[in-house]
Amino acid sequence: MIGDLRGAGSLQSTLEVFESEVIKNPVTGAEVHPGILLPEGIVVKRADLGRSKVFRVSRGVEMDHSGQYTAVGPFEYLYP
């Protein structure tokens, strides 16, 4: 696993509430650990996938992205 998908926090700049969790098999309830590999690295080259338990934004634009896909992975942006 690259990152910890079991996280909670509050970012005061733009996010109000964010908590993520690992994906569970809907039939058995067992945790599954899918990931992606993007050799050319659109945003990341490798990431772990999970789901947002709670993901709400209410500053400027209101959005509720709870129960949706999340990805955690290392990235680096360089400015020319």
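The values are calculated or read from the model by the stated rules, or taken from the named source; none is laboratory data. Note that the structure is a prediction, hence the values are computed from the model and not measured. With ideal geometry, Cβ positions are generated from the backbone for all residues, glycine too; neighbour counts draw on all protein chains shown.
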query: In the range 46-57, how many residues are among the basic types (Lys, Arg) and surrounded by 16 or more Cβ atoms within 10 Å (Cβ to Cβ)?
result: 2
- prompt: Of all the residues that make up the range 32-47, how many are part of a loop (DSSP other than H, G, I, E, B) and of a type in the set (D, E, K, R)?
  reply: 2
task: Please find, among 60, 29, 50, the residue that is out of contact with any Gly (no Cβ under 8 Å at 6 or more places or on another chain), assigned to a loop (DSSP other than H, G, I, E, B), modelled with pLDDT of 80 or more and not acidic (Asp, Glu).
output: 29
